[in-house]
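Below is one structure, written out as structure tokens; the observations come after it.
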Amino acid sequence: MTMELATGSAIADRFTTTVERRRLSEDDLRAHLATQDSGLLLLSLVHVTGDLELLDTFGPRVLATYDNRPFAFTTSADSQGAARDELIEMTVKALDRDPAEQLPYLKGDDLDDETFRRMMSLATGVELDKRWVAMLREQGGFNEARPIQPINREAATRVHLAIIGAGMTGLAAAVSAADRGFDYTIFESGSEVGGVWAVNDYPGAGVDTPSVYYSLSFDLNPSWSRYYPIQSEYFQYLNDLADRFGLREHIKFRTEVLRLKWIEEDAEWEITTVENGRESRTIRATAVMTAAGHLNRPLYPDLNGRESFKGASWHANRWDHSVDLSGKRVGIIGAGATAVQIISKIASEVGHLTVFQRQPHWISPNAMGAGIIADDEIWTKENLPYYIHWSRLKAYWGTSDYNGYPMVRVDPEWAKDHLSISPANDAVMQSFLKYIDDCFGSDPALAKKVTPTYAPVGKRLVRDPSGFEPGGYYYALSLPHVDVETAKLGRVVPDGIFTVDGKLIELDVIIYSTGLTLDWISPIEVVGRDGVKLGDVWRDNNPSSYLGGMVPGFPNLFVNSGPNTGASHAGGHNFMAEVVDHFAMEALQLLVNESGRSVEVTQEAFEEYNRALDERMAGSIWAHERGAHTYYTNQKGRPILPTPFMHVEYWEMSRTPEEGALIVR
């Protein structure tokens, strides 16, 4: 039996981890680099020249330009001056020549851990220790997620993995499976790839995680047109991903999975599907990964009379594009992330807008406006070797554990006397309060309406799509034809909505921006060993799993986007999706290497992990804050969505199964 300790599959050749030598003209370099980040120019130059002494020569000068306010991590264009000019001169000399005359570029693997640590410290402006090196190598896109279990692609072909969902999570899982040599099929209920980004096409829909980071680490995109991409651009990224890695031929579109049943004697999952809404089929697979997300079915409020409304109405996540909102009286129920984007977009075109705000969110100010990326920056990311990699690493770090984790940890003494839970949490809250005051200082009544009475991160933070200008949320609320209604809703009538205090608000259109059902995989009946149903194990909306994906009694089943895997304090969903994918592939590799038929988490490992999770969760904002109405917790107040662990901890735990944690039969 042949074992490989590293990847080397054909699919890995399509990863963006390695940059080939290329010639860049002096004119292009001078024209495009003049406004770029001197720290990242330095790191690119190290890759191009192989000269590590540049870190000593330019490192202190680059660090002196950093603005290390919370969430900033930017360099000031005015302060980079001479250092950047010198770096550009050296870059011109290195790259304006035939590729054959250039030295081979240093790859991520060519940099030892201490050198990489120094370089990532220069990229972020923060002195980092070696603990972060391996994870940031991967998240920066310098190398793919490295297998720990020895690879045996010939034997791996006997594993057929069924992946449910062709959104970002499912596509990432498919690439990981193909790289390991596993056979796979993706079942997608819709007619195209993209998941939520295929169906959530409401006005203003977009990503509120930085675009350079909200992509997959093995498939970096240097060509984003915005710092925060709109729906259509991210949807296109996922379609390009499917094409680039040849995934479409493995996808069964318009195929809904209804039931999963474990067949013990065959050690296989029996999968019942409905194709095109008609034909029912049953197929078999060695293993199943659910990758359909945990928020995908529209949730409507418990509001009497909805069907009596004589105007148009729909859920925000199933937008009716046939209705022209121009001049109409529109009511939108909700004030969360989706509503904020919609309100910002439609406020200028409607005749009158009533925002039925059930609870305000903390709104993060936006200093970027529309966030259009300059052509020079796009060119630099597309062409300058490894500039996109360091840009991604820097963006991830600025939105990861360093800033985010202290905000969600409770300081008991501080929390006794403050709305915020800690000094770190308070610093963020004060910046949000200042934003409210800057926008509504002359309108104290409106300011009071939009000011939350719970600590930040108690529920999802929301980014204003723009500043206090057209296209911004707070700007939209300030318009004379926009009202914020905070009275509880009573009932819907043919002409509009009555509030509980008896006020009728007449409307032509009602938009329900009331969230999505947090149902994990409950639309699918999952029957494990001995006929036990996962719905019964997770009854009363109280799910638990091992490292987000495995449950005792359900062999060869991996639940991505599972309980307590929400990257709620930092980063993005893409991080957790990749980490869970990696652990699942390691578990399947263990099955192959031990010539087993099934792999399953032990009850002991499951219980030990969840004890540790509960202990850590007890000190988090989600266990402390009771004033926030959030899907992060279940009806009993137990946090079921967010992870209480730092990203780096979760990443370390998920490298490969601990000895004895899984049983192979």
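Remark: pairs (first residue in the stretch 372-384, among the β-branched types (V, I, T); second residue surrounded by 14 or more Cβ atoms within 10 Å (Cβ to Cβ) and in a helix (DSSP H, G or I); Cβ separation under 6 Å; 6+ apart in sequence or on different chains) = T380/H32; T380/Y387.
I'm trying to understand the selection: among the residues of the stretch 520-530, which are surrounded by fewer than 16 Cβ atoms within 10 Å (Cβ to Cβ) and part of a strand (DSSP E or B)?
E525
Would you check if A605 is without any contact (Cβ under 8 Å) to a residue 60 or more places away in the chain and part of a helix (DSSP H, G or I)?
Details: without any contact (Cβ under 8 Å) to a residue 60 or more places away in the chain: yes; part of a helix (DSSP H, G or I): yes.
Criteria met by A605.
Of everything in the stretch 486-519 that is in contact with a helix residue (DSSP H, G or I) (Cβ under 7 Å, 6 or more places away or on another chain) and buried (at least 21 other Cβ atoms within 10 Å of the Cβ), the residue that is nearest to N200 (Cα to Cα) is S513.
At pLDDT below 95 and part of a loop (DSSP other than H, G, I, E, B): is that true of G548 in this structure?
Values: at pLDDT below 95: yes; part of a loop (DSSP other than H, G, I, E, B): yes.
When the stated conditions are applied, G548 passes them.
Just wondering, is there one or more residues in the stretch 231-246 that are closer than 25 Å to S513 by Cα and charged (D, E, K, R)? Yes, because at least one residue in the stretch 231-246 is closer than 25 Å to S513 by Cα and charged (D, E, K, R).
Take R529 and decide whether it is at pLDDT 95 or above and in contact with a Gly (Cβ under 7 Å, 6 or more places away or on another chain). Steps first, answer last, please.
Working: at pLDDT 95 or above: yes; in contact with a Gly (Cβ under 7 Å, 6 or more places away or on another chain): yes.
Yes; evaluated as a whole, the condition is true for this residue.
For the stretch 365-391, a residue qualifies if it is buried (at least 17 other Cβ atoms within 10 Å of the Cβ) and either under 14 Å from V428 (Cβ atoms) or of a type in the set (D, E, K, R) (or both), and the qualifying residues are P365, E377, K381. Would you check if L353 is outside the structural domain of P465 (by TED's automatic domain parsing), crowded, with 22+ Cβ neighbours inside 10 Å and out of contact with any Phe, Trp or Tyr (no Cβ under 6 Å at 6 or more places or on another chain)? Spelling it out, it is not the case that L353 is outside the structural domain of P465 (by TED's automatic domain parsing), crowded, with 22+ Cβ neighbours inside 10 Å and out of contact with any Phe, Trp or Tyr (no Cβ under 6 Å at 6 or more places or on another chain).
Give G496, G467, G490, G502 a once-over and let me know the one that is of a type outside the set (V, I, T) and closer than 26 Å to G571 by Cα. Spell out how you get there, then give the answer.
On the way: G496 fails: closer than 26 Å to G571 by Cα; G490 fails: closer than 26 Å to G571 by Cα; G502 fails: closer than 26 Å to G571 by Cα.
Only one candidate qualifies: G467.
Within the stretch 249-308, the set of residues being among the aliphatic types (A, V, I, L, M) and under 30 Å from D495 (Cβ atoms) comprises L299, L303. Among the residues of the stretch 458-488, those that are part of a loop (DSSP other than H, G, I, E, B) and farther than 28 Å from N403 by Cβ comprise P470, L479, P480, H481, T486, A487, K488.
Across the stretch 458-481, the qualifying residues are those that are surrounded by 20 or more Cβ atoms within 10 Å (Cβ to Cβ) and aliphatic (A, V, I, L, M), and the one among them that is nearest to the chain's Cα centre (by Cα) is V462.
Among helices (runs of 4 or more DSSP H) entirely within the stretch 150-267, having at least 1 residues that are surrounded by fewer than 18 Cβ atoms within 10 Å (Cβ to Cβ) and at pLDDT 95 or above singles out 231-244.
The values are calculated or read from the model by the stated rules, or taken from the named source; none is laboratory data. Quick caveat, the model's predicted, so the values are computed rather than measured. FYI the Cβ positions are ideal-geometry reconstructions off the backbone, even for glycines, and counts take in every protein chain you see.
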